1. When the chain is fully extended, how far beyond the present Cα-Cα distance does ASN74 get from THR87, taking 0.36 nm per residue of separation?
2. Taking every alpha carbon pair in region 137-180, what does the distance histogram look like in 10 angstrom bins from 0, in percent?
3. For the residue pair ARG13 and ALA150, what label-to-label distance in nm results when each label sits 7 Å from Cα along the Cα-to-beta-carbon direction?
4. Residue by residue, what Karplus-based ³J(HN,Hα) values in Hz, rounded to whole numbers, does region 26-38 have, using 6.51, -1.76 and 1.60 with θ = phi - 60° and x for Gly and Pro?
5. List the lysines whose Cα lies under 17 Å from the Cα of LYS118, skipping any in the same chain that are fewer than 8 positions away.
6. Which of the peptides 54-62, 88-96 is most tightly packed, and how do the rest follow, going by the mean number of other Cβ atoms within 10 Å of each residue?
7. Cβ under 15 Å from LEU145's Cβ, LEU145 left aside: what net charge do those residues give with Lys, Arg +1 and Asp, Glu -1?
8. Let me check the size of the chain from its C-alpha atoms; what are the radius of gyration and Dmax in Å?
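What follows draws every value from the coordinates through simple rules; no lab data is involved. All of these numbers come straight from a predicted model, not from anything done at the bench. When we count neighbours, we look across all protein chains shown, and the Cβ atoms used for this are built from the backbone with ideal geometry, even at glycine.
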Amino acid sequence: MAVQNRIRKVQKRDRSLVPFDQGRIVHAILRAARSVGGFSLDHLPGVNDRLFQACGDEEHLAEFLSDIVVATLNHDRRHWIANFPPTIEEIQDTVIHVLRSFGFVTVADAYECWRWGKYWVRAGELTMSQFVGNGYPTPFHEEILAWNRAHGCDSVEGLNEIVRTGKLPGLVEAATARYE
């Protein structure tokens with residue numbers, strides 16, 4: 001869905017004006033989604049399942065959500081005037097609002113954690129290495145997630161099926177062998 005964007009500039013934190021780039025919003029939403037294992041963690045039947053069907057993949061879903069962010073920002077006619085562009089904070093607030101409104105609470109939480117982490121780096125309370133080094137390294141996390149998917153234990157439904165069919169002891173043995 002292409003949205004007619006009337007916003008031309010964005011006001012950065014240092015009050016300088018830079019060209020508006022919707023691709024940055026798409027990239028930020030995708031990065032937040034991928035940091036928690038994708039949008040599928042927030043799949044809510046009857047709430048946002050039509051989005052998953054219509055968009056198909058994560059990239060198209062992030063583009064759709066960014067279109068909603070842009071449409072929301074365009075609703076404030078002040079932003080149409082070059083001297084009154086939206087601030088970075090307004091854009092980030094709108095991203096969080098849109099993610100939560102469409103049921104992507106886990107992704108919104110990840111986005112907000114990243115936002116606050118960057119704030120504490122700018123404030124000097126954290127160093128960039130403390131912020132970036134927090135948590136598991138992404139390749140390690142992706143490796144674990146791939147193993148879980150291969151063994152069908154990456155969702156509550158999958159785990160319930162493993163328990164129901166009596167395959168839990170085998171999964172525990174495989175996991176123990178994998179991590180030893």
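1. Answer, rounded to one decimal: 3.4 nm.
2. 28, 53, 18, 1
3. 4.1 nm
4. Result, ordered by residue: 4, 4, 5, 5, 4, 4, 5, 5, 5, 5, 10, x, x Hz.
5. Within reach: LYS12.
6. By packing density, highest mean first, the sequence is 88-96, 54-62.
7. -1
8. Considering the chain through its Cα atoms, Rg and Dmax are 19.8, 65 Å.
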